[in-house]
Amino acid sequence: DNLIAIMERDPEFRFFQLDGQTVVLEDYLEIRPQMRDRLAKLIREGRILIGPWYLQNDEYLTDGESTVRNLLLGTSICRRQYGVEPMPVGYVPD
């Protein structure tokens, strides 16, 4: 809520990069569904950068297919639900 309020109030706060996950958007909107339009607008404007992952991937615990499916799901959510291309770089904490 604070991020959305700040970005709507202050045009100088131009970008916010999530940590590469799209699942956090689902979690947030499950609790705050009334914020969907405001959040989606900032995402479509390129001010909140999302994806490419569905959830943070642990490269040491998953196999290649899991990694690819994770990227496919995250990319699909970016495109289908928000109409944007995911960030072209996937942050991985490993």
Matching option when the condition is open to solvent by 30 Å² or more (accessible area, probe 1.4 Å) and in contact (Cβ under 8 Å) with a residue 60 or more places away in the chain, among D19, D10: D19
Number of positions in segment 22-52 that are open to solvent by less than 80 Å² (accessible area, probe 1.4 Å) and more than 8 Å from the chain's Cα centre (by Cα): 12
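Taking segment 55-85, which residues are closer than 24 Å to R14 by Cα and open to solvent by 20 Å² or more (accessible area, probe 1.4 Å)? Walk me through how you get there before you give the answer.
The initial filter retains those residues of segment 55-85 that are closer than 24 Å to R14 by Cα, namely 74-75, 77-85.
The answer is T75, R79, R80, Q81, G83, V84, E85.
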Subset of segment 45-94 that is farther than 20 Å from F16 by Cα and of a type in the set (G, A, S) - its residue that is modelled with the highest pLDDT: S76
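The values are calculated or read from the model by the stated rules, or taken from the named source; none is laboratory data. This one's a predicted model, so the numbers in the text were calculated from it and none came from an experiment. Here Cβ is always computed from backbone atoms with ideal geometry, including for glycine, and neighbour counts include all displayed protein chains. Side chains are part of the model used for accessible areas, which takes the heavy atoms of the whole protein and leaves out ligands, DNA and RNA. Shrake-Rupley method; radii C 1.70, N 1.55, O 1.52, S 1.80 Å.
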